[in-house]
Amino acid sequence: MTDSEQKPGLFAVVMSVLAAMFGVQTEANRKRDFSQGHPLAYIIVFILILVLFVLSVAALVRLVMHLTS
């Protein structure tokens, strides 16, 4: 297995998911993800990031509501 055929690591998966969520994923990374990455890793990372985002927004709203009342 050459260096270009290596599976993406955790950091690469997280960065790829974040880029895809913001719509700025490069074509080269998308091809790498679909050819070398394991779909379950991307799904799990996406769900974790989504849950963290929703919890962060909920906490921010609760904080603002608490400070304004």
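A compact table of results
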| read-out | value |
| --- | --- |
| So residue 34, is it surrounded by 10 or more Cβ atoms within 10 Å (Cβ to Cβ), in a helix (DSSP H, G or I) and aromatic (Phe, Trp, Tyr) | yes |
| Residue that is out of contact with any Gly (no Cβ under 6 Å at 6 or more places or on another chain), farther than 22 Å from residue 8 by Cβ and among the polar types (S, T, N, Q), where the choices are 56, 35 | 56 |
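Quick note: the coordinates plus some simple rules give every number you see, no bench work behind them. All values reported here derive from a predicted model rather than from experimental measurement. Don't worry about glycine lacking a Cβ; one is built from the backbone with ideal geometry, like all the others, and counts go over all protein chains shown.
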